[in-house]
1. Please list the non-local residues whose amide H lies under 5 Å from the amide H of C291, H modeled 1.01 Å from N, same-chain partners needing a gap of 5 or more.
2. Top to bottom by accessible area (1.4 Å), largest first, where do R227, R133, R256 land?
3. Find, to one decimal place in angstroms, the Kirkwood hydrodynamic radius of the stretch 296-428, where the mean of 1/r is taken over every pair of different Cα atoms and then inverted.
4. Run the accessible area of the chain with a 1.4 Å probe and give the carbon-and-sulfur part as a rounded percent.
5. Give me the distance between the Cα centres of the stretch 129-186 and the stretch 355-414, rounded to whole Å.
6. Let me cross-check S302: its accessible surface, 1.4 Å probe, with only protein heavy atoms counted, in Å² to the nearest 10?
7. Of the DSSP beta bridges with both residues in the chain, give the percent that are antiparallel, rounding to the nearest 5.
8. Accessible area of T104, 1.4 Å probe, to the nearest 10 Å²?
Amino acid sequence: MRDRGQILLLSTYELGHQPLGLASPLGFLARAGWGAACAALDLSVEPLDPARVRAARFIAVSVPMHTALRLGARVAARVRALNPTCHLAFHGLYAALNAEYLFTLGADAVLAGEIEEPLVRLVAAVAAARDPRCPAPVDGVTLRTDGPPARPHLARQAFAVPERDALPSLDRYARLLGAGAAGDGALAGYVEASRGCLHHCTHCPIPPVYGGRLFVVPPDVVLEDVRRQAAAGAAHVTFGDPDFLNAPTHALRLARALHGELPHLTFDFTAKVEHLLRHRAMLPELRALGCVFVVSAFESTSDLVLAHLAKGHTRADAARALQVVHAAGLALRPTFVAFTPWTTLDDYLDMLAFIDRERLVHHVDPVQYGLRLLVPPGSLLLRAPAMAPFLGPLEPERLAYRWTHPDPVMDALQSAVACAVEEVALAQPGAGGGGRAADELDREAFRRVRALARAARGLPVWPLASQTLPRHPSRVPRLTEPWFC
């Protein structure tokens, strides 16, 4: 299995980024001597090539998120129709949680956690097997013959530098907007300084796989990956760690080294509210080192909902985090789980009022207003007594358990909000390009959502408190790809 194309790696979606879910395994495979046999396709920007699928003996699909796996399920059907005899593997957070369903779709293996070294071992086992669908057992890999549940591989790896030469160029992916004339439209790269998470938020897909474990990627590996992306045209990079400040000393050292070597490069990162408060003293320096915005999972403005999600912060904490981030000269882009079984209509109206009052209309991606709590197989919520009254059956094709809100008005509102946001986006196809169109999309989406919520309560629609704000809406930094799962 050393001929070109015998190993085919596929990605379906990584939030508009050049997929690390391809680049990292390619780096490990190249180091192990399999590089000449590898091909890769990112199906978010290029079509599935039937000839490559037919030629492959081993195919692996990266599915790090829910949307990616929904798309990956369709890919599995096409792969099996084109190549019934290849070994088909899935890897990523949502592969682990949905192993049973993937096996019904024709998957032969599922890998979770720190997957690259097990993937290399699996490639070798498939190459040695008479039947590629029936290799010898491999440490760190759950085979179809083993059955679910998938066993995450949580041993430390000797990281390889991601290999990106076989991937589509960075100009096919997300760009930075709102960072001033020098940075507007800049190509955006993507790296991870750490994997896993120390926390156990009940709605998050990471704790069921990593169980509170954190793996730090060596600085030399991260820096070399950034160097290569910068050489390919990136002027901005996203640190895609679940929480960049899980390892604050590591994060700050990386930012300093990055700025010292590539002072023109800007970056963004994700961090929990509690970490933004705990490490507030770091924020001005991170701004000076090139950070332009921070993503943080506010999730809700209801303390009851936050407690059920085990977020580790309160509504008051979120307001304080806004203050300290903005005081450091950074933009904060909150994300929300807008609809949960515990979210009342008053809670939802309060969330919108908070966004309006805090002048966040242009900081929140409109898709956030309609996001509904996802309960995948393995979710910590399945053990929560507070979730039990609302929980329905597992719907494998949706990759989640059904749940019903105790107030039918809320389920109807969620559906209406999701449709309204989609209609606004489709009516303004140029909005993803940023500038005035993106600002108008933000305002129009918020107006429609607030009107739907107030109508559900029988309230009149008053003007927005932030009608004349923000002062420079087109300067709120963001990427062209909105954040969602």
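1. F267
2. R256, R227, R133
3. Here the Kirkwood hydrodynamic radius works out to 15.9 Å.
4. 55 percent
5. Result: 27 Å between the Cα centres.
6. About 10 Å², ignoring ligands and nucleic acids.
7. Close to 25 percent.
8. Result for T104: roughly 100 Å² accessible.
The values are calculated or read from the model by the stated rules, or taken from the named source; none is laboratory data. As the structure is a prediction and not an experimental result, all values here were calculated from the model. Heads up, the Cβs are rebuilt from the backbone with ideal geometry, glycines too, and the neighbour counts pull from every protein chain shown. Side chains included, ligands, DNA and RNA excluded: accessible areas come from the protein's heavy atoms. Shrake-Rupley method; radii C 1.70, N 1.55, O 1.52, S 1.80 Å.
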